[in-house]
Amino acid sequence: MGLIRLCFKYNLPSPHSIILDPQPIDKWKITVKKSVTVYWKEKLQLEASSKSTLGLLSITNNENLKKASSLVPLNTNAVAKHRLQMRILSGTFTFQSERARFYGEDPTCTICGDAEEDATHCLSDCSAISHIRDPHLKKISSLLPPEFGPTSSKETALLIIAPSNFTNNKEIHQLCRNLCNKIITWRQGAINHNLNNPPLPSLAGNIPSLHFPPISVHLPVLPPSIPTPHPPLLRLKPPPL
Ligand SMILES: [Zn+2]
């Protein structure tokens, strides 16, 4: 029964038909491998399409990702920056929106406070990071033909983390790696700064008014003053002549 179920699950010929029409072992192995791969690929793609963290990842076409990896120079710095891009693209980098889902925190961007922080907000929209993002994007746009440039916030974020969706230009890939790294590094610095320097409470209305009890001072009653007798005056005898 287990064998019948497995064959049905992976869309393979039934055991009965195999007994009636046996195949060479090598051919059968290839058929099984192909059927199992197709089953799991389709299942994972279906599940991935429901994950919001994979919103920027093209799960049906990963050829661009293979191309992107081949454009990364083999030095530690470039590989680390490319790895960061892949973490964001694959949804394994934790933004505030994920912290909200997993830890029940506020999803609002802790740096600008304007909107929910996800990959698109951080990389493309966060107003607090525009001083880093804008000059780099200007340079990248000058190298990218306008018809191939991003047309929305989501596409701008995609350009920064997966430029192979737009071009194979090595210089643009390097600029995008550096920009992604600068944004995430600056973001982390800003978060650490905010954690170490929590905002001071507003002076208006947050400090409870203090009511002190009236102070009563009871001074001890002093006895009537008694005149202090003066010590007798010393009379010095004149020195003997
Ligand atoms: Zn923000």
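Just so you know, all these numbers are worked out from the coordinates, no wet-lab data involved. Everything numeric here is computed off the predicted structure, so don't read it as measured data. Here Cβ is always computed from backbone atoms with ideal geometry, including for glycine, and neighbour counts include all displayed protein chains.
General observations
- Around LYS154: net Lys/Arg minus Asp/Glu count, Cβ-Cβ under 12 Å: -3
- Per-residue ³J(HN,Hα) for the stretch 176-183, Karplus 6.51 cos²θ - 1.76 cosθ + 1.60, θ = phi - 60°, Hz, x for Gly and Pro: 5, 4, 5, 5, 4, 5, 5, 4
- Segments 20-33, 159-172 sorted - mean Cβ within 10 Å per residue, highest first: 159-172, 20-33
- Measuring nothing but how far apart in sequence close Cα pairs (under 8 Å, 6+ apart) lie, relative to its length, the stretch 63-194 scores a relative contact order of 29 percent.
- Largest first, the extents of the alpha carbon coordinates of the stretch 63-194 on the three principal axes equal 40, 28, 25 Å.
- Segments 116-124, 8-16 sorted - mean Cβ within 10 Å per residue, highest first: 116-124, 8-16
- Net lengthening on full extension, LYS41/ARG83 (0.36 nm per residue, minus Cα-Cα): 12.8 nm
- With each label modelled as a point 7 angstrom along the Cα→C-beta vector, the GLN23-LEU3 pair spans 1.5 nm.
- Sites SER141 and LEU195 - FRET efficiency at Förster radius 41 Å, r taken between beta-carbons, to 0.05: 0.75
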